[in-house]
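Peer 1: Take this structure first; my questions come after.
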Amino acid sequence: MNTFLKFILNFKLEKYPQKGVVFGLFLLVFTACEDIVDLSVPRGETRLVVDGTVFHGQPLQRVILSTTSPFFEDGQTPRVTGAIVVIENDLGTKDTLLEVETGLYLIEKQGEIERSYKLEITLPDGKKYGSTYQTLVTVPSIDSIYYEEEDTPFASDDEGNLSVKFNFTDPKEVDNYYRWNYYINGEYFNDELTFTDDQFFEGVEVPEVDILREFVELGDTVLIEQLSITEEHYNFLNKFNQNLESGGLFASPPIPVRGNIVNLDDPKEYVLGFFGVSAIERAEIILK
Amino acid sequence: MKNLLYFLGVFCILYFSTHALTHAQKQSKFTLKGYLKDAENGEGLLGATVYVKELRTGTATNLYGFYSLSLEAGTYTISYSYIGYTPIQKTVNLTADQTLTVELQAEGTELEGVEVTAEAEDEALQTVEMSVVKLEMAAIKKIPQFLGETDIIRSIQLLPGVTTVGEGATGFNVRGGNIDQNLILLDEAPIYSSSHLFGFFSVFNGDAVKDVKLYKGGIPAIYGGRLSSVLDIRQKEGNMKKFSGSGGIGAVSSRLTLEAPIIKDKSSFMISGRRSYADLFLIFSRNEAMRKNKAYFYDVNAKFNYQFSDKDRLFISGYFGNDVFGFGQNFAAKWGNRSGTIRWNHLFSDRVFANFTGIYSNYEYKLGVPSGANAFDWTSHIYTMNLRSDFTFFANPKNTLDFGLSALRYRFEPGLVTSDNFPDLEIDKKFANEFGIYISNEQTIGDNLTLKYGVRYSLYQHMGKATVYEYTEGEPMTTKSITDTLFYDQNKVIQSYGGFEPRFSLNWRLSPKNSVKLSYNRTRQYIHLISNTTAATPLDIWTSSDKHIKPAIADQVAIGYFQNFKNNQYELSAEVYYKELQDLVDYKDGAQLLFNETLEADLLSGKGRAYGLEIMLKKQKGRFTGWLSYTLSRSEIRVDSDLPEDRINNGDWYPSNYDKLHDLSAVLSYDINEKWSISANYAYMTGRPITYPDAKYEYEGITVGNYGNRNGARTPTYHRLDFSANYEKIKPNRKWQSSWNFSIYNVYARKNPYSIYFRQNEDNYRQTEAVQLSILGTILPSATYNFKF
């Protein structure tokens, strides 16, 4: 994600200023280097991790339960099997999800706009966990999607100079929180999380969101999902994202990130992950 | 307002009582007064020693090179001396008040042995000041410099007790204090961002600077407003004798300074400019987009002075500097300090020296997208206006009084975004006043004891217009716990804070060769840098205290032992200090600091403590000069609260970002012959605290670490060696003199870690890895051509 959102919305000081230092200093040689190093890290206790969302605009709802594992251990983190996973709405309707593979719990039932949902989990050892209520709100549709060729200040020959752009209109007089997912040729693009509040465009048309620069080329099909998220979810993503970007010169240090899941008998237990709700609007373009 | 009147009242009493004292004493005593100047260019010499041999006592010149001694009638031998200058002795027959302005000749490079001179070389033993370092520009220029740029901030980081979080990080940390706890003054104007290019170069152009003084402790009562240190930088006044200039062409920038008398010995000016030029080579780029890029910094320093009479002198000085970045149509940014100072020195009587100053400072940054659908402009400012008057009363050779008052007005404009496509957005401006009044006396008791004691009273007011939120008590502050919103009108006092700041130091001279010093100071700070990144950026905002953000307070005690060896060729000092800090600003996890109307809800308040031992061995004279410094220290923070949400690390003490247990540096320079001199410096320090993960987990297909214990680990040790060689062939009878400087930074190409971070492997997202980032991980040679005429 570039310029506008990069700077104004998330204040990422990463990209330009760092390249600017490079280039303001030497132009020819920059000496910053990154090396993979071996070191030992502490080993914390094993914690429950919850990854679940109720969507409006997607038939299948999914919750993944897993645990943490030692930081440098190879492979997938352990999944939690045999749990009872229930989604309850503010009318008291409870739906139990089905474990279709180890740790993956599914249900085919759409979320409804203006309904609130919470998650309840009972682990095989009897420990009970619950989330806070999350209210699903509507999301505006994407008005248009297009792409453009742009000058990229530091483009080298192997970097593309296409960028995909779209626009939408923020509803008036409501605090909206957005998130976007991108799929390039059907593959989920997870290089960075993009999300924002509407502080800078409250109630107006956002003329141009500029995305995926240097990541797409002619012939690609790009699908954008525009999601509504709750304020609590937005705050969670902010913290989560800080840990993904804790490397550079001006990065904020990594922090503990707690979501909205608690152990109902022991509120001090530290549970990771988040249970969220989102409405989805989609737009697709083939770059040709 | 009441407070202000009280203030003025006290001030008037002080002023008139000293006046009365002056006249009362006049009958039996006479005054010897004057200025000490550099014979070459007429610059005033600050802190030079004036010593009366017969009485074994003396005084020092003030910040403008003025001294005054009141003595019984008689004949005296007065010795005038200053480091780096040949001392002069004068016999004075004092039968009436007398003015004696003395010009000292700078010492040439004395290669043949060392001429051991007068008393002044034991300045470190004589002065009551401790925890103070005075750096001569000549000494700074000898230190191997990063890419050949003479850099004051990098140079002071080689002193004991001064550190940085990493190479290329802006600012410096003094005795376990954050970078915003340093009062950085350029001709008395506060400088908010001391770096160019995010921290690689300092904003102070070495050619325009005359004198640099860093107070790490025992901060005199004249200074207020920051907790940990004062870096007082004075610009050159301008050559009073003849037209002269200096400059250089370096790898990074070129610079030129011109000085000249306007009226000889009466009025002169200095103007100095510097610009980096790496971007000028962009025109050779084949990439069109590349040619549109901009990246440079520049500074302009200027000063003018006019001596109306022996009693009145006017100074006008200014600084203007910017960093400019532009990346085609995509992004542009610009930031810089600008400041102006007008000063009027006036002698009310032979013994009362007064200085009236008006100061204006504006720190500004702008960034934006120049054109296109997303075009916008974002600007932020900090305006500071300061009026102050400072008096020195040379009561008698045993007592020198300083007193004065200061009124400061702040206007913070944290952010205004304008755009053709979006509604404008502005964060409320913030207004504040800060008043200070102080008095202190430096008193000599007997032959061996000198005391300096004083007190400063500071008063702070957060002023309207403002919107203030009230929050539910006993709950963490969040936007949801707001109970009330209060609107205050222009010029209404919303919240006041204030208090006394006692300052004390003592020098007990055990023998002519050694002394013991002791100091205590309390300092209060009302403005705070809001930054939760490891290294501060030029785009961080500052805010001032208000109903929710309390002023920070620091108390520091220090004890030191000072010893000179071998006829004052070597100076050894050892100091221990302990500092306690209250109400430091800290940040909630995930805090949003920019464009936040309810900033206080993302802040926490913490305590700090710092303690350490600093040892320094210094050799100032001879072919071989330099210093060796070692610091053993700790700096810790604790953020505790009744509310678990408002704690960091469960309310336990944890190391601050700039905690460094060991810090060693050596700066050595050797004059080989008349043409060549070489120097080297070596720095070694403990790695800085960082946070390591204690586990990994997967969320939405991303593998990420779980971070618990803040600053629980450290980066590997930092060490580095630099070399430089200076070639200068003095051409007699020629006005134009030139020299070459060759330097090698990071001689053995150590990849010093700036940070270590953790990420998922690019090819296998389930694999996590630790990455070490080194900013300057290679050897960096450079050459600079310097000239003067």
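The values are calculated or read from the model by the stated rules, or taken from the named source; none is laboratory data. What you see is a predicted model, and the numbers here were worked out from it, not measured in a lab. In this analysis, Cβ positions are derived from the backbone assuming ideal geometry, glycine residues included, and neighbour counts consider all displayed protein chains. Accessible surface areas use protein heavy atoms only, side chains included; no ligands, DNA or RNA. Shrake-Rupley method; radii C 1.70, N 1.55, O 1.52, S 1.80 Å.
Peer 1: Show me the strands (runs of 3 or more DSSP E) entirely contained within the range A:97-137 in which 3 or more residues are on the phi < 0 side of the Ramachandran plot and open to solvent by 20 Å² or more (accessible area, probe 1.4 Å). Steps first, please.
Peer 2: On the way: elements: A:98-101, A:104-108, A:116-122, A:128-131.
So the answer is A:98-101, A:104-108, A:116-122.
Peer 1: Quick one: B:E700 ticks every box in (1) within 14 Å of chain A (Cβ to nearest Cβ); (2) among the acidic types (D, E); (3) buried (at least 22 other Cβ atoms within 10 Å of the Cβ) except a single one, so which number is it?
Peer 2: Failing condition for B:E700: (3).
Peer 1: Quick check on the range B:322-349: of everything there that is in contact with a helix residue (DSSP H, G or I) (Cβ under 8 Å, 6 or more places away or on another chain) and within 30 Å of B:Y67 (Cα to Cα), which residue is nearest to the other protein chains (Cβ to nearest Cβ)? Give the steps one after another, and end with the answer.
Peer 2: Of the residues in the range B:322-349, the ones in contact with a helix residue (DSSP H, G or I) (Cβ under 8 Å, 6 or more places away or on another chain) are B:323, B:325, B:327-328, B:330-331, B:333, B:348-349.
With the extra rule that they be within 30 Å of B:Y67 (Cα to Cα), the set shrinks to B:348-349.
Working: B:F348: 50, B:S349: 53 Å.
Per the criteria, the residue is B:F348.
Peer 1: Can you pull out the strands (runs of 3 or more DSSP E) entirely within the range A:158-214 that have at least 1 residues that are hydroxyl-bearing (S, T, Y)? First the steps, then the outcome.
Peer 2: Values: elements: A:162-169, A:177-184, A:187-197, A:205-211.
Passing ranges, in order: A:162-169, A:177-184, A:187-197.
Peer 1: What is the one condition in (1) more than 11 Å from chain B (Cβ to nearest Cβ); (2) in contact with an Asp or Glu (Cβ under 9 Å, 6 or more places away or on another chain); (3) closer than 20 Å to A:N161 by Cβ that A:I211 does not satisfy?
Peer 2: Every listed condition holds for A:I211 apart from (2).
Peer 1: Still on this structure: Every residue in the range A:36-69 that is more than 20 Å from the chain's Cα centre (by Cα) and either in contact (Cβ under 8 Å) with a residue 40 or more places away in the chain or open to solvent by 30 Å² or more (accessible area, probe 1.4 Å) (or both), please. Steps first, answer last, please.
Peer 2: Residues of the range A:36-69 that are more than 20 Å from the chain's Cα centre (by Cα), as a first pass: A:36-47, A:69.
Selection gives A:I36, A:V37, A:D38, A:L39, A:S40, A:V41, A:P42, A:R43, A:E45, A:T46, A:R47.
Peer 1: Also, quick follow-up: All but one of (1) within 11 Å of another protein chain (Cβ to nearest Cβ); (2) touching a strand residue (DSSP E or B) at 6+ places or on another chain (Cβ under 7 Å); (3) surrounded by fewer than 21 Cβ atoms within 10 Å (Cβ to Cβ); (4) modelled with pLDDT of 85 or more hold for A:G247, so report the exception by its number.
Peer 2: Of (1) within 11 Å of another protein chain (Cβ to nearest Cβ); (2) touching a strand residue (DSSP E or B) at 6+ places or on another chain (Cβ under 7 Å); (3) surrounded by fewer than 21 Cβ atoms within 10 Å (Cβ to Cβ); (4) modelled with pLDDT of 85 or more, only one is false for A:G247: (4).
Peer 1: Within the range B:766-783, identify whether any single residue is of a type in the set (S, T, Y), more than 13 Å from chain A (Cβ to nearest Cβ) and surrounded by 15 or more Cβ atoms within 10 Å (Cβ to Cβ), and answer yes or no.
Peer 2: Our first condition is that a residue be of a type in the set (S, T, Y); within the range B:766-783, this holds for B:768, B:774, B:778, B:782.
From what's left, more than 13 Å from chain A (Cβ to nearest Cβ): none.
The answer is no; no qualifying residue exists.
Peer 1: Before we move on, is B:Y684 open to solvent by 30 Å² or more (accessible area, probe 1.4 Å) and either within 30 Å of A:L104 (Cβ to Cβ) or away from every other protein chain (no Cβ under 14 Å) (or both)?
Peer 2: On the way: open to solvent by 30 Å² or more (accessible area, probe 1.4 Å): yes; either within 30 Å of A:L104 (Cβ to Cβ) or away from every other protein chain (no Cβ under 14 Å) (or both): yes.
It is true that B:Y684 is open to solvent by 30 Å² or more (accessible area, probe 1.4 Å) and either within 30 Å of A:L104 (Cβ to Cβ) or away from every other protein chain (no Cβ under 14 Å) (or both).
Peer 1: Six or more apart or on different chains, Cβ under 7 Å: which pairs go from a residue in the range B:221-243 that's aliphatic (A, V, I, L, M) to one that's modelled with pLDDT under 90 and part of a loop (DSSP other than H, G, I, E, B)? Could you list them?
Peer 2: From residues that are aliphatic (A, V, I, L, M), the pairs are B:M240/B:N41; B:M240/B:G42; B:M240/B:K264; B:M240/B:D265.
Peer 1: Which condition from (1) within 26 Å of the chain's Cα centre (by Cα); (2) away from every other protein chain (no Cβ under 14 Å) is the one that B:K566 breaks?
Peer 2: Only one criterion is unmet by B:K566, namely (1).
Peer 1: Restricting the search to the range B:575-586, which residues are open to solvent by less than 30 Å² (accessible area, probe 1.4 Å) and closer than 28 Å to B:W627 by Cβ?
Peer 2: Within the range B:575-586, B:E575, B:Y577, B:K579 qualify.
Peer 1: For the range B:530-556: of the residues being more than 14 Å from every other protein chain (Cβ to nearest Cβ) and out of contact with any Lys or Arg (no Cβ under 8 Å at 6 or more places or on another chain), which is nearest to B:K429 (Cα to Cα)? Spell out how you get there, then give the answer.
Peer 2: As a first pass, look at the range B:530-556 and keep what is more than 14 Å from every other protein chain (Cβ to nearest Cβ): B:542-556.
Still in the running and out of contact with any Lys or Arg (no Cβ under 8 Å at 6 or more places or on another chain): B:542, B:545, B:547-550.
Numbers: B:W542: 12, B:S545: 13, B:K547: 15, B:H548: 16, B:I549: 16, B:K550: 18 Å.
Result: B:W542.
Peer 1: Within the range B:291-316, restricting attention to residues that are in a loop (DSSP other than H, G, I, E, B) and under 26 Å from B:R274 (Cβ atoms), which residue is most open to solvent (accessible area, probe 1.4 Å)? Even if it seems obvious, please write down each step before you answer.
Peer 2: Here is the first cut: in the range B:291-316, the ones in a loop (DSSP other than H, G, I, E, B) are B:292-293, B:308-311.
Still in the running and under 26 Å from B:R274 (Cβ atoms): B:292-293.
Details: B:K292: 96, B:N293: 8 Å².
Taking the candidates together, the pick is B:K292.
Peer 1: Applying the selection to the range A:83-118, what residues are within 22 Å of A:T230 (Cα to Cα) and of a type in the set (S, T, N, Q)?
Peer 2: A:N89, A:T93, A:Q110, A:S116
Peer 1: Let me ask something else. In the range B:197-250, which residue that is open to solvent by 10 Å² or more (accessible area, probe 1.4 Å) and aliphatic (A, V, I, L, M) is nearest to B:G498 (Cα to Cα)?
Peer 2: Step by step, filter the range B:197-250, then rank; the result is B:I222.
Peer 1: Can I ask one more? Limited to the range B:415-426, what total is found for residues that are open to solvent by 30 Å² or more (accessible area, probe 1.4 Å) and either in a strand (DSSP E or B) or touching a His at 6+ places or on another chain (Cβ under 7 Å) (or both)? Spell out how you get there, then give the answer.
Peer 2: Filtering the range B:415-426 for residues open to solvent by 30 Å² or more (accessible area, probe 1.4 Å) gives B:416, B:418, B:420-421, B:423-426.
Pick out the ones that are also either in a strand (DSSP E or B) or touching a His at 6+ places or on another chain (Cβ under 7 Å) (or both) and you get B:416, B:418, B:425-426.
Counting residues in the range B:415-426 that are open to solvent by 30 Å² or more (accessible area, probe 1.4 Å) and either in a strand (DSSP E or B) or touching a His at 6+ places or on another chain (Cβ under 7 Å) (or both) gives 4.
Peer 1: Moving on. Would you point out which residue out of A:E217, A:E187, A:E202, A:E208 is modelled with pLDDT of 80 or more, within 20 Å of A:E149 (Cβ to Cβ) and not aliphatic (A, V, I, L, M)?
Peer 2: Numbers: A:E187 fails: within 20 Å of A:E149 (Cβ to Cβ); A:E202 fails: within 20 Å of A:E149 (Cβ to Cβ); A:E208 fails: modelled with pLDDT of 80 or more.
Of the residues listed, the single one that is modelled with pLDDT of 80 or more, within 20 Å of A:E149 (Cβ to Cβ) and not aliphatic (A, V, I, L, M) is A:E217.
So that you can scan it fast, the table gives a plain yes or no per residue for (1) in contact (Cβ under 8 Å) with a residue 40 or more places away in the chain; (2) closer than 24 Å to B:L661 by Cβ; (3) of a type in the set (A, V, I, L, M, F, W, C); (4) part of a strand (DSSP E or B):
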| position | (1), (2), (3), (4) |
| --- | --- |
| B:D555 | no, yes, no, yes |
| B:I559 | yes, yes, yes, yes |
| B:L572 | yes, yes, yes, yes |
| B:V576 | no, yes, yes, yes |
| B:Q592 | no, no, no, no |
| B:F595 | yes, no, yes, no |
| B:A601 | yes, no, yes, no |
| B:S605 | yes, no, no, yes |
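Peer 1: Let me ask something additional. Quick check on this structure: which one of B:S380, B:S371 is within 14 Å of chain A (Cβ to nearest Cβ) and surrounded by fewer than 17 Cβ atoms within 10 Å (Cβ to Cβ)? Explain how you work it out, then say what you get.
Peer 2: Working: B:S380 fails: surrounded by fewer than 17 Cβ atoms within 10 Å (Cβ to Cβ).
Answer to the check: B:S371.
Peer 1: Examine the range B:613-626 for a residue that is under 30 Å from B:T379 (Cβ atoms) and modelled with pLDDT of 90 or more, and state whether such a residue exists. First the steps, then the outcome.
Peer 2: Filtering the range B:613-626 for residues under 30 Å from B:T379 (Cβ atoms) gives none.
No.
Peer 1: Got at least one residue in the range B:630-650 being open to solvent by less than 10 Å² (accessible area, probe 1.4 Å), closer than 30 Å to A:L48 by Cβ and in contact with a helix residue (DSSP H, G or I) (Cβ under 6 Å, 6 or more places away or on another chain)?
Peer 2: no
Peer 1: Among (1) within 22 Å of the chain's Cα centre (by Cα); (2) among the small types (G, A, S); (3) open to solvent by 30 Å² or more (accessible area, probe 1.4 Å), there is one condition B:S531 misses while meeting the rest; what is its number?
Peer 2: (3)
Peer 1: Filter the range A:79-96 for residues that are more than 10 Å from every other protein chain (Cβ to nearest Cβ), of a type outside the set (S, T, Y) and surrounded by 13 or more Cβ atoms within 10 Å (Cβ to Cβ) and give the result.
Peer 2: Of all residues in the range A:79-96, those more than 10 Å from every other protein chain (Cβ to nearest Cβ) come to A:80-96.
Next, from what is left, pick out any that are of a type outside the set (S, T, Y): A:80, A:82-92, A:94-95.
Of everything in the range A:79-96, those that are more than 10 Å from every other protein chain (Cβ to nearest Cβ), of a type outside the set (S, T, Y) and surrounded by 13 or more Cβ atoms within 10 Å (Cβ to Cβ) turn out to be A:V80, A:A83, A:I84, A:V85, A:V86, A:I87, A:E88, A:N89, A:D95.
Peer 1: Exactly one condition in (1) open to solvent by 10 Å² or more (accessible area, probe 1.4 Å); (2) within 30 Å of B:E167 (Cβ to Cβ); (3) in contact (Cβ under 8 Å) with a residue 60 or more places away in the chain; (4) part of a loop (DSSP other than H, G, I, E, B) is false for A:P256; which is it?
Peer 2: Of everything listed in (1) open to solvent by 10 Å² or more (accessible area, probe 1.4 Å); (2) within 30 Å of B:E167 (Cβ to Cβ); (3) in contact (Cβ under 8 Å) with a residue 60 or more places away in the chain; (4) part of a loop (DSSP other than H, G, I, E, B), A:P256 misses just condition (3).
Peer 1: Please determine, by comparing only the residues of the range B:485-502 that are under 29 Å from the mean Cα position of the chain (by Cα) and of a type in the set (S, T, Y), which one is farthest from B:E470 (Cα to Cα).
Peer 2: The selected residue is B:Y497.
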